[in-house]
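The values are calculated or read from the model by the stated rules, or taken from the named source; none is laboratory data. Predicted model only: the values in this text are computed from it and were never measured. No Cβ is skipped: glycine too gets one built from the backbone with ideal geometry, and neighbour counts run over all protein chains shown.
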């Protein structure tokens, strides 16, 4: 260990219960946040951002959701990936149905679809705990991933079973579709 807690006395209950009560931890977190929000966008190439940082951020969101579930209820869900898939596919389908709506609105609406899928699989599981809840959510994972592959309506009956996203823009900049800027490595 590089440092010790000795010599850093707290004079209030609030200071003792702080998220990072040790001064070195506070400085370390500040340096990490500066590196994440300033250095990475300035120094990283588009390849690094698209190939590494975006999946890390997406999977971090899934981990935070699972952490909240486990922390508040003490239960484990093995269907987190499936519910994220429901959100992704619902955003895709909403984009194809409502091409004039802002993409941010569609992302928020797709969160409600993912929550609805969680409720559909969660309501029958209200009375079960522990291993049985994990098995029920694992069943949701297998069922929903099967649906993502086999239900042709989800990918608009495309013959190659791939998703073709129409052009969407955020603040006037195309972010999806054939007219968006390609992610080229530098």
*Return the residue satisfying two criteria in turn: it lies in region 67-108 and is in contact (Cβ under 8 Å) with a residue 40 or more places away in the chain and in a loop (DSSP other than H, G, I, E, B), and of such residues it is farthest from residue 146 (Cα to Cα).*
102
*What are the residues in region 80-132 that are surrounded by fewer than 13 Cβ atoms within 10 Å (Cβ to Cβ), modelled with pLDDT of 85 or more and over 21 Å from residue 153 (Cα atoms), if any?*
104, 105, 108, 119
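From the list 64, 22, which one is out of contact with any helix residue (DSSP H, G or I) (no Cβ under 6 Å at 6 or more places or on another chain) and exposed (fewer than 12 other Cβ atoms within 10 Å of the Cβ)?
64
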